[in-house]
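The values are calculated or read from the model by the stated rules, or taken from the named source; none is laboratory data. It should be emphasised that the depicted structure is a prediction, and the values quoted were computed from it without experimental measurement. Note that each Cβ is placed from the backbone with ideal geometry, even for glycine, and that neighbours are counted across all protein chains shown. Note: accessible area is taken over every heavy atom of the protein model, side chains too, but ligands, DNA and RNA are not part of it. Shrake-Rupley method; radii C 1.70, N 1.55, O 1.52, S 1.80 Å.
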Number of protein chains: 2
Amino acid sequence: MEDVRMIEVKEEILADNSQVAAGVRKRLRKTKTMLLNLMSSPGSGKTSLILKTIEGLQGAVRLGVIEADIDSKVDAEKVAATGIAAVQLRTGGFCHLDATMVTQGIDALPANDFDLIIIENVGNLVCPAEFDTGAYKNVMILSVPEGDDKPLKYPLMFSICDVLLVNKIDYLSLSDFDMATLKKRVLALNPNIKIIEVSCKTGQGIGDWVAWLKKEVNDFQLDQRSQ
Amino acid sequence: MEDVRMIEVKEEILADNSQVAAGVRKRLRKTKTMLLNLMSSPGSGKTSLILKTIEGLQGAVRLGVIEADIDSKVDAEKVAATGIAAVQLRTGGFCHLDATMVTQGIDALPANDFDLIIIENVGNLVCPAEFDTGAYKNVMILSVPEGDDKPLKYPLMFSICDVLLVNKIDYLSLSDFDMATLKKRVLALNPNIKIIEVSCKTGQGIGDWVAWLKKEVNDFQLDQRSQ
């Protein structure tokens with residue numbers, strides 16, 4: 001296995017994060033690279049989803065992955081083992097990624113001609129929702145064991161995402177999770193969000209997710225060409 | 001159901017949190033009240049554990065509960081429905097409790113002769129680990145669906161806790177969670193931590209947890225008397 005680069009990132013205290021995020025967006029428009037920010041609680045299945053996404057894309061898009069964790073590079077190593085370009089950001093104590101850290105991640109990737117870069121943010125439903133990473137799309141995972149009441153408690157995260165993936169639906173039979181209630185609560189916060197039910201374990205729903213992703217990358221690249 | 005008080009808390013920017021936390025500890029020694037800070041990811045089962053603890057204690061200790069959430073008071077309402085004194089702190093955007101917020105919670109409880117006050121911190125494995133709340137004991141929950149790799153990614157939280165409750169062990173049969181690996185990883189970070197396997201759904205292990213809690217409250221109160 002290729003040795004994964006571990007980048008120690010620091011928060012840029014003085015810079016205006018919105019400006020840095022706008023710079024990330026401008027830079028990635030030039031290379032026609034769609035940046036996707038993936039967020040969730042710890043253990044909801046971010047890395048598993050990325051691995052399933054790599055399988056599902058079957059090389060159809062050139063993909064780079066930026067993993068972030070407070071410590072350890074186990075996630076980036078799992079991704080790199082598939083042959084996909086991956087870099088691990090070590091945030092030290094930080095509980096979220098900002099646009100400066102993402103810039104460091106993009107710089108550390110071994111190429112600059114990706115169609116899609118996926119950021120796996122720090123596992124946290126609170127702080128990452130407050131920081132613009134420069135991503136074009138924000139996607140979150142909620143896993144069934146976490147419960148259907150999470151939109152009531154972490155409303156900002158559900159409000160800012162373009163897609164909600166409800167993962168671990170293979171646990172539904174063991175759980176009192178009510179999918180209809182969940183969807184009602186999420187749509188009350190964010191009527192435009194797309195909700196896709198998936199299981200990274202069984203593969204259920206992954207096809208729908210990958211189809212959405214391919215279409216978005218394609219549309220994004222057509223948009224850049226027409227400008 | 002009694003209407004639950006919702007307290008809007010603000011971070012005390014200027015105060016030194018360690019000093020405020022020391023003040024909380026001093027104040028609670030006087031009333032022989034043990035303060036316990038309960039932390040976990042979103043959806044690991046903090047509220048369910050508190051409800052099971054109330055059942056298990058069967059009124060043996062006078063208990064107050066401080067619930068914290070970014071929004072909503074559903075948790076405090078569930079606790080109050082059992083007849084236990086509960087207050088809800090609404091942290092707005094804040095991702096953790098500090099000692100000033102805890103002070104506001106203690107002030108808002110309807111009595112000052114509790115044997116035990118449990119704080120349910122904001123669902124987050126990162127930021128709450130960095131702020132001393134003034135608690136005498138720190139307890140965390142990791143639920144089986146989150147995975148056995150969490151100590152690698154959120155080492156500080158596992159390092160600062162006195163007890164780790166591994167919840168949702170009824171999910172073990174569906175999961176590749178390896179309990180021996182988890183324990184090895186946790187003990188490498190924190191050799192003194194007590195690990196108790198529980199299921200808030202089936203009740204398994206709750207007796208061990210409640211026995212630990214009763215003994216700690218008793219020992220704490222004996223210590224205060226002898227001083």
- With the condition kept exactly as written, say whether any residue in the stretch B:137-147 is under 19 Å from B:Ile119 (Cα atoms), open to solvent by less than 10 Å² (accessible area, probe 1.4 Å) and either facing another protein chain (nearest Cβ under 9 Å) or of a type outside the set (A, V, I, L, M, F, W, C) (or both). yes
- Note on the structure: Here the residues within the stretch A:25-54 that are within 15 Å of A:Trp212 (Cα to Cα) and open to solvent by 40 Å² or more (accessible area, probe 1.4 Å) are A:Lys52
- Message: For the stretch B:154-171, give me the residue count where each residue is in a helix (DSSP H, G or I), within 22 Å of A:Val74 (Cα to Cα) and either more than 10 Å from every other protein chain (Cβ to nearest Cβ) or in contact with a Pro (Cβ under 7 Å, 6 or more places away or on another chain) (or both).
- Response: 2
- Name the pairs whose Cβ atoms lie under 8 Å apart, with the first residue in the stretch A:202-227 and free of Cβ contacts under 8 Å to residues at least 24 places away in the same chain and under 15 Å from A:Leu63 (Cα atoms), the second assigned to a helix (DSSP H, G or I) and hydrophobic (A, V, I, L, M, F, W, C), and 6 or more positions between them or separate chains? none
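Suppose the filter is part of a loop (DSSP other than H, G, I, E, B), surrounded by 24 or more Cβ atoms within 10 Å (Cβ to Cβ) and at pLDDT 95 or above; does A:Gly134 pass it? Walk me through it before giving the result.
On the way: part of a loop (DSSP other than H, G, I, E, B): yes; surrounded by 24 or more Cβ atoms within 10 Å (Cβ to Cβ): yes; at pLDDT 95 or above: yes.
Yes; evaluated as a whole, the condition is true for this residue.
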- Specify the residue that is nearest to the other protein chains (Cβ to nearest Cβ); the eligible residues are those in the stretch B:112-128 that are open to solvent by 10 Å² or more (accessible area, probe 1.4 Å) and modelled with pLDDT of 95 or more. B:Phe114
- Note on the structure: Note on B:Ala180: of the conditions (1) open to solvent by 20 Å² or more (accessible area, probe 1.4 Å); (2) within 11 Å of chain A (Cβ to nearest Cβ), unmet is (2)
- Item | Scope the stretch A:55-68; condition more than 12 Å from A:Leu213 (Cβ to Cβ) and more than 13 Å from the chain's Cα centre (by Cα); matching residues | A:Glu55, A:Gln58, A:Gly59, A:Arg62
- Query: Only one residue in B:Leu51, B:Leu109, B:Leu28, B:Leu57 is within 14 Å of chain A (Cβ to nearest Cβ) and of a type in the set (A, V, I, L, M, F, W, C). Which one?
  - Reply: B:Leu51
- Spot the failing condition for A:Leu187; the list is (1) within 14 Å of chain B (Cβ to nearest Cβ); (2) assigned to a helix (DSSP H, G or I), and only one is missed. (1)
